[in-house]
Amino acid sequence: MSARSGLRSLAMLTATAVSALTIGATAAHADPGAGSDTEEKILLKGSTTASYFWDDGSGRAGDTGMPASGKPMQKGLAASPSWPLLTEGYVLYDGKKMPFFVGDRGPGEPSNRGIMLDLDAKTFAELTGGRFNPGTLGVDGNGGKGHIDVEYVITKWGDGPGKKNHPVPFSTRAWAERDRNPATPPAEEPSEEAAQGGGRLVEAPASASVRAGAAGSDAAGSDVAGAEEAGAQESGVVGGALMAGALAVAGGGVVLGGERLRTLLKR
């Protein structure tokens, strides 16, 4: 093989490396992340003490009548002292997540003591490991828990009157006033993948193999000038340049399987 043809081969290898890098970069940015358009928008989050109730209009166990929203009593229907009716969200407790919508008003006087959310008895039972008792409309088997500290997240505000911010006691009558200045949504936290640099094409540092490729190219050029005197050395130099070019593809190429390539290069 002549020095000139060897240099042409090296140029082809370099072009292949550039193409591989381009393809790798395109692949790395092709998928913006599945489900990114379906994630819930967090409008408000905080914490409070929650109690429970079950008002089905039967008049039993302190039942005060059907829920204020006109929706029938059901699992997931909660009462708030100030949020607009039909506001939606979820609560977090002991590693469990349960959805709710605001279908009633309350708690009343307990909200003056910081109890700002009344969950339905079935949701409360599931969160605390108990069971709903349809006879007493209470919760059994949860160790007597009647109040729990929960985290709440609001994902949709209702359209009617009510305070679109952290809850305030029922006695403030915020539930009767239309709030035209809802709370500013909290800043979004970076996803775990973004925090770890996932999905980015990492530029490979200039390795010894790349530097060797450059040196081999210069050596091949010098060998062309002295081809008549060093024919035997010519093939060795060109072969070394070709090998260096191939290593350059591996060392600076698509950063997929990088650890395995580096292991092979050390052998």
In the range 104-136, which residues are closer than 14 Å to W54 by Cβ and either aromatic (F, W, Y) or within 30 Å of the chain's Cα centre (by Cα) (or both)?
D118, L119, D120, K122, T123, F124, A125, E126, F132
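Consider D140 carefully, then state whether it is among the acidic types (D, E), more than 32 Å from the chain's Cα centre (by Cα), modelled with pLDDT of 95 or more and open to solvent by less than 20 Å² (accessible area, probe 1.4 Å).
Answer is no for this residue.
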Selection count, the range 129-170, where residues are in contact with a Pro (Cβ under 8 Å, 6 or more places away or on another chain) and not basic (K, R):
11
Of everything in the range 84-98, what is farther than 13 Å from K45 by Cβ and in a strand (DSSP E or B)? Give them in sequence order.
E88, Y93, K96, M98
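Just checking, does the range 164-179 include any residue being free of Cβ contacts under 8 Å to residues at least 24 places away in the same chain, surrounded by fewer than 22 Cβ atoms within 10 Å (Cβ to Cβ) and farther than 22 Å from G65 by Cα?
Looking for residues that are free of Cβ contacts under 8 Å to residues at least 24 places away in the same chain, surrounded by fewer than 22 Cβ atoms within 10 Å (Cβ to Cβ) and farther than 22 Å from G65 by Cα, one finds at least one in the range 164-179, hence yes.
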Please name all residue pairs, on different chains or six or more residues apart, with Cβ atoms under 8 Å, provided the first residue is in the range 121-135 and is touching a residue at least 12 places away in the same chain (Cβ under 8 Å) and the second residue is in a helix (DSSP H, G or I) and open to solvent by 40 Å² or more (accessible area, probe 1.4 Å).
F132/K122
Return the total of residues in the range 86-136 being open to solvent by less than 40 Å² (accessible area, probe 1.4 Å), among the hydroxyl-bearing types (S, T, Y) and touching a helix residue (DSSP H, G or I) at 6+ places or on another chain (Cβ under 6 Å).
1
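The values are calculated or read from the model by the stated rules, or taken from the named source; none is laboratory data. The structure displayed is predicted, hence computed values, not measured ones. Please note: Cβ atoms are built from the backbone with ideal geometry, for glycine as well, and neighbour counts cover all protein chains shown. Just the protein is used for accessible areas: all its heavy atoms, side chains included, with ligands, DNA and RNA removed. Shrake-Rupley method; radii C 1.70, N 1.55, O 1.52, S 1.80 Å.
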